[in-house]
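*Asks:* Shown below is the structure under consideration.
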Amino acid sequence: MAVRNPFIDVSNYQPDTVAFFQTAKNQGAQGVVVKLTEGSEDGSNYINPRAAAQIHNALAVGLRVACYHFARYTSIPDAQNEARFFVKVARQFGMYDDTLMIDDAEVNSASDYQGATLAFLQEVEALGYKSTGVYSMRSFFTGGILNSHGFGNRKKWVAGYGVTSLGIDNANAWQYTDHGIMGIDTSFDFDGAFTTGKASGSVPSTPVPAPQPVEHVGKPASGVYI
């Protein structure tokens, strides 16, 4: 954990303007993870309608951009299907092969959640994105739902609020608050994967139309991760 570079993550709930991202950068953000997609229990899928503008304007001010998918899979085949949807949208949005692609795995909906999460990441990699990682709560990693060492060298981004230790020895990033920079989710990047290197990606001039299902809230109501 040689560095502690701050970065933020955004979804449809956050602004998509240049001014927003410039202010975030001025307050210390060095990167942003943009929500692209979300799965659904009924088989439908969701595209963040602000994603194209968020990516474009974050890149415009020089922030490094990564992307995430909020997982809803219930099996390994379902995880692979969601991964294909995530990659399809990332390609449509012009995200380059070196984009860091994150599985937001915080709904324990599969009997083998570790296996399904790993299958998701492997499918993303098989489709051309070689930089992948998993985001989840500290309690998932310390409670046996996810095994951080079972993901190899893939990035582990752990949410733990109000704690002094994440409980694992190989975290690459720590989401330590939901009211940090700009009053939103803020994390520390320990190895530079979320914040350093060239900004990656371009956005088509005509954004991909978003399917209609309403976005689910991706956090406990308390806003506290343990």
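*Asks:* In the range 121-140, what residues are closer than 16 Å to residue 107 by Cβ and β-branched (Val, Ile, Thr)?
*Replies:* Matches in the range 121-140: 134 only.
*Asks:* Across the range 1-59, what is the total count of residues that are over 23 Å from residue 88 (Cα atoms), within 16 Å of the chain's Cα centre (by Cα) and hydrophobic (A, V, I, L, M, F, W, C)?
*Replies:* Within the range 1-59, residues that are over 23 Å from residue 88 (Cα atoms), within 16 Å of the chain's Cα centre (by Cα) and hydrophobic (A, V, I, L, M, F, W, C) number 3.
*Asks:* When residue 100 is evaluated against the numbered criteria (1) touching a residue at least 60 places away in the same chain (Cβ under 8 Å); (2) in contact with a His (Cβ under 9 Å, 6 or more places away or on another chain), which criterion, by number, is the only one it fails?
*Replies:* (2)
*Asks:* Of the residues 100, 127, only one is of a type in the set (A, V, I, L, M, F, W, C) and crowded, with 21+ Cβ neighbours inside 10 Å; which?
*Replies:* The match here is 100.
*Asks:* For the range 155-180, which positions are of a type in the set (Val, Ile, Thr), free of Cβ contacts under 8 Å to residues at least 24 places away in the same chain and either in contact with a helix residue (DSSP H, G or I) (Cβ under 7 Å, 6 or more places away or on another chain) or buried (at least 16 other Cβ atoms within 10 Å of the Cβ) (or both)?
*Replies:* 158, 177
*Asks:* Please pick out the residue among 144, 152, 183, 197 that is loosely packed, with under 15 Cβ neighbours inside 10 Å, small (Gly, Ala, Ser), within 25 Å of residue 26 (Cα to Cα) and at pLDDT 95 or above.
*Replies:* The unique qualifying residue is 183.
The values are calculated or read from the model by the stated rules, or taken from the named source; none is laboratory data. These numbers were taken from a predicted model, which means no experiment stands behind them. Glycine also receives a Cβ, built like all others from the backbone with ideal geometry; neighbour counts cover every protein chain displayed.
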